[in-house]
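The values are calculated or read from the model by the stated rules, or taken from the named source; none is laboratory data. These numbers come from a predicted model, not from an experiment. Every residue, glycine among them, receives a Cβ derived from its backbone with ideal geometry; neighbour counts consider all protein chains shown. To get the accessible areas, we keep the full protein, side chains included, count just its heavy atoms, and leave off ligands, DNA and RNA. Shrake-Rupley method; radii C 1.70, N 1.55, O 1.52, S 1.80 Å.
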Amino acid sequence: MAIAISPHYRDTDFPSTWSLDQKIQIFEDRIQGWQLDIAQLCGDSSPHAGFAVLSIVFSYFEMIAKFQDGYIKNDRSKTYFKKGLYNVFQNISNTTPGMREKLLNKLYEDVRCGLYHAGRTGPNIELSGNFSFPIAFISPPDKVQINPHRLVPALVQHFKSYILQLRVVTNIDLRQNFETRFDAPI
C-alpha cells in the first residue's frame with residue numbers, strides 16, 4: 001500500500017534512495033501543501049482564523065533556520081526561532097538591537113510558546129486582518145501587532161526563495177545543510 005510522503009507524492013513515486021533534488025521536491029510539496037496552503041485556506045475561509053493560522057505557521061521560523069544551518073538536534077528552539085524570523089523579516093535589522101531583541105523575545109515567548117504550550121498568546125499581542133503589514137512592534141508599550149492574512153503570503157514568498165536557492169547546484173553548503181536536516185531522524 002502506497003504511503004503519502006507529501007500532498008502530491010507517495011513513497012512509490014520515487015526509488016528507495018532519493019536524490020537531493022527529489023528531497024527538495026518532496027520538502028517543497030510538504031511545507032507548501034501541508035502547512036502554507038492550509039494556513040492560507042484557513043485564513044481565507046474565516047475572519048476569525050487568526051489563531052489557527054498562527055498555530056500552523058509559527059513553526060516555520062525555527063524549522064527553516066534549522067534547515068538552512070543543517071542543525072539536527074532538538075534543542076536551541078529559541079535561538080533558531082529568532083534566527084528564522086530574522087531571516088524572513090530582514091527589515092528587523094533596521095531597528096535598534098534592544099528593540100530587535102524585545103520583538104524577537106515577545107514573538108517567541110508570547111506567540112510561539114503561548115500558542116504551543118497554553119493555546120493562547122501572551123499579553124500585548126494583537127491580531128487583526130486590518131493591519132497593512134504582517135508583523136509590527138510598538139514600543140512602548142512593547143506590543144506586537146500581527147496580521148495573519150499578510151503573514152502567510154510573506155512566508156510563501158520566503159519559502160519560494162529558499163527553494164530556488166536550494167535548486168542552484170553551486171549553493172553547495174546550503175544544499176548540504178538542507179540534506180543533513182532532511183535526512184536526520186526526528
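Looking only at residues of the range 168-182 that are in contact (Cβ under 8 Å) with a residue 24 or more places away in the chain and either within 16 Å of ARG30 (Cβ to Cβ) or of a type in the set (A, V, I, L, M) (or both), we find that the one that is least open to solvent (accessible area, probe 1.4 Å) is PHE178. Could you grab the pairs with beta carbons closer than 9 Å, sequence gap of 6+ or different chains, first residue in the range 43-62 and touching a residue at least 60 places away in the same chain (Cβ under 8 Å), second one of a type in the set (D, E, K, R) and in a helix (DSSP H, G or I)? Going by the 9 Å Cβ cut-off, the qualifying pairs are LEU54/ARG112. Hey, can you tell me all the residues within the range 60-73 that are modelled with pLDDT of 95 or more and not in a helix (DSSP H, G or I)? Scanning the range 60-73 gives GLY70, TYR71, ILE72. Consider the range 3-47 and keep the residues that are β-branched (Val, Ile, Thr), part of a helix (DSSP H, G or I) and under 26 Å from ILE172 (Cα atoms). The one that is most open to solvent (accessible area, probe 1.4 Å) is ILE31. Meeting the requirement of 2 or more residues that are loosely packed, with under 13 Cβ neighbours inside 10 Å, the helices (runs of 4 or more DSSP H) wholly within the range 74-166 are 97-106, 148-166.
So which residues in the range 48-66 are open to solvent by 20 Å² or more (accessible area, probe 1.4 Å) and either under 22 Å from ASP183 (Cα atoms) or among the aliphatic types (A, V, I, L, M) (or both), if there are any at all? Selection gives ALA52, ILE56, SER59, GLU62, MET63.
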